[in-house]
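Q: Pasting in a structure now, in structure tokens, and then I'll have a few things to ask.
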Amino acid sequence: MYKALLDKIFKAYPMYHKIGSAAYKEGLENIEALMDILDHPERKFKAVHIAGTNGKGSVAHLLASYFQERGCKTGLFTSPHLVDFRERIRLNGQMIGEEAVLAFFDKFKTQFDQLEPSFFEMTTALAFFYFAEQKVDVAVIEVGLGGRLDATNVLSPLLSVITNISLEHTQMLGDSIAKIAAEKAGIIKAKTPVVIGEFNPESFPVFEDIANQKDAPLFLAENNYSFSGNFNDLSVTDVLGNTLYEHIQMPLQGEYQLKNLKTFLQATEVIEELWPAEKDVVPQAIRNVVSNTGFQGRWQLLRREPLTICDVGHNPGGLSLTMKQLAQYPCRQLRMVFGMVSDKDIDKAVSLLPQDALYYVCQAKIERALPAAELAERMRQHGLQCRVAGTVANAFRQANADAAPDDLIFIGGSCFVVGELLSVEN
């Protein structure tokens, strides 16, 4: 029954991550009408609201882990899902139950259908209703797309967080860093503190200007913390050189996670000024982020022989960091299972890929996926060695069959490629 309902939902409501910009609905009128129908659940819990180009999912999971370690009943809303739709909505790390999804649509679907909402608007309404119904102490809410006109932007949060800005979704958010920053900055609320993860000379003045207009205290995380050691034994010092933490175990081992960790640390400092904690739980929150929240798909180790890693980084900003780290892993032969969606900057992304890898080019099972043959041709134009492998599962099988024990297999290019693989591997 649940699967049948889910199939209906996916077909009935435009889903951005499946069909792209045709599913994007500009404006908050729909979500505000949905909140009216649901008696404004968004007003019934504390929230931290997170936007940004890259890293917002990681920061969201770290903050959810932090609140859980504080003993708070914690909601977490993220997107997209990798394997199961219910990953998007979690309570203390556990996915929303199938019965809760069924009950929600059974009760409200007729009223909602009159509004013709998007898939994301419907999912946001479900998340907010569920968190209010469960009487969460706090919810960590990740923006879906942009910020200003995103369905989640009906919140009045405790804290706003913007991780970083790079060019993405330019057809909807604007064709410059400054324009995209203005859209992301739409989550900044009057007299509500905002943490900016990284400094960019084009975006930061936009954030400063809007924060000043709204009398919102602004914090820049990037230069306030430094790290030494390794992911299994990390020390943190502040801007004055004082040691804040020692011997932290960081399970999210992508090098780019150190940027996200700075954003997280700054956010917890601000939160504790607003809502003091009884004890410092930051080290435990970091160490237990995966077990607390079910986080997956970020520099995730799948096998040790041959070393097999997947990562959902897919835009040029994310891919450049992932490829930089991949280059640090010595191996006999790098084999990459790779696929992309059609509305990304394909040539820019492909230009970041290593020349010495062998590519098993695949196509995820979604409408937005770029056909494997077309992607392979684009990649060959950049001098890459490609084999058209068709499905994700077939590409992974071929890479495994060809691999020696001291090779490295990397799976990425799209959330959907990683999601399909995890659905098979899990």
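Read the figures in this text as sums done on the coordinates, not as results from a lab. What you are looking at is a predicted structure, and each value in this text was computed from that prediction instead of being measured. Neighbour counts are summed over all protein chains in view; Cβ atoms, including those assigned to glycine, are modelled from backbone coordinates with ideal geometry.
Q: Counting only DSSP beta bridges with both residues in the chain, tell me the antiparallel percent, nearest 5.
A: Approximately 35 percent, going by the DSSP bridge assignments.
Q: May I ask you to sort His314, His49 by Cβ crowding, counting other Cβ atoms within 10 Å and putting the fewest first?
A: By the 10 Å Cβ count, ascending, the order reads His314, His49.
Q: Taking the number of other C-beta atoms within 10 Å as the exposure measure, put Tyr13, Tyr130 in order starting with the fewest.
A: Neighbour counts put them in this order, fewest first: Tyr13, Tyr130.
Q: Quick one: 3J(HN,Hα) in Hz for the stretch 142-148, Karplus 6.51/-1.76/1.60 with θ = phi - 60°, rounded, Gly and Pro as x.
A: Computed from phi, the couplings for the stretch 142-148 are 8, 4, x, 8, x, x, 4 Hz.
Q: Mind listing the phi-derived Karplus ³J(HN,Hα) values for the stretch 132-141, rounded to whole Hz, using 6.51, -1.76 and 1.60 with θ = phi - 60°, and x for any glycine or proline?
A: Karplus values, whole Hz, x for Gly and Pro: 5, 4, 7, 6, 5, 6, 7, 10, 9, 10.
Q: Is the shape of the stretch 192-265 best called rounded, prolate or oblate, per the rule: a/c under 1.5 gives rounded, else a/b larger than b/c gives prolate, else oblate, with a ≥ b ≥ c the square roots of the Cα gyration tensor eigenvalues?
A: prolate
Q: Let me ask something additional. Would you mind checking Lys189/Lys214; Lys262/Lys348; Lys56/Lys184 for any pair whose Cα atoms are more than 18 angstrom apart?
A: In this structure, Lys262/Lys348 lie more than 18 Å apart at Cα.
Q: Under the rule of at least 5 residues apart or a separate chain, name every residue whose amide H is placed under 5 Å from the amide H of Leu220.
A: The answer is Ile196.
Q: Please report the antiparallel percentage of DSSP beta bridges with both residues in the stretch 300-425, rounded to the nearest 5.
A: Antiparallel: roughly 20 percent of the beta bridges in the stretch 300-425.
Q: First check a/c for the stretch 360-410, with a ≥ b ≥ c the square roots of the eigenvalues of its C-alpha gyration tensor; if it is under 1.5, answer rounded, and if not, answer prolate when a/b is larger than b/c or oblate otherwise.
A: Oblate, because a/c is 1.5 or more while a/b does not exceed b/c.
Q: Take Phe416, Phe45 and order them by how many other Cβ atoms sit within 10 Å, fewest up front.
A: Ordered from fewest to most neighbouring Cβ atoms within 10 Å, Phe416, Phe45 come out as Phe45, Phe416.
Q: When the chain is fully extended, how far beyond the present Cα-Cα distance does Glu255 get from Lys191, taking 0.36 nm per residue of separation?
A: 19.7 nm
Q: Which of rounded, prolate, oblate describes the stretch 300-425, given a ≥ b ≥ c as roots of the alpha-carbon gyration tensor eigenvalues and a/c under 1.5 marking rounded, otherwise prolate only if a/b is larger than b/c?
A: Rounded shape, in that the Cα axes give a/c under 1.5.
Q: Right, something else. May I ask which residue of Ala151, His247, Gln355 lies farthest towards the positive end of the charge dipole of the chain, with charges of +1 (Lys, Arg) and -1 (Asp, Glu) on Cβ and the Cα centre as origin?
A: Of the options given, the answer is Gln355.
Q: Tell me which trypsin sites (Lys or Arg not before Pro) from the stretch 342-426 have a DSSP coil assignment and no more than 10 other beta carbons within 10 Å of their own.
A: none
Q: For Ser351 and Asp39, compute 0.36 nm times the residue count separating them, minus their Cα-Cα distance, and round to one decimal in nm.
A: Additional length available on full extension: 107.4 nm.
Q: For Ile165, what residues show an amide H to amide H distance below 5 Å, using hydrogens built from the backbone and excluding near sequence neighbours?
A: Thr53
Q: Mind telling me which of Val337, Val281, Val161 comes out most flexible in a GNM of the chain, alpha-carbon contacts under 10 Å?
A: In the Gaussian network model the winner is Val281.
Q: Can I ask one more? For Lys3, go through the lysines and keep the ones whose alpha-carbon is under 20 Å away, minus same-chain ones fewer than eight residues off.
A: In chain and number order, the partners are Lys11, Lys18, Lys107, Lys109, Lys365.
Q: Could you give each residue of the stretch 195-203 its phi-based ³J(HN,Hα) in whole Hz, using Karplus coefficients 6.51, -1.76, 1.60 with θ = phi - 60°, and x for Gly or Pro?
A: Working through the residues one at a time gives 9, 9, x, 10, 7, 9, x, 8, 9 Hz.
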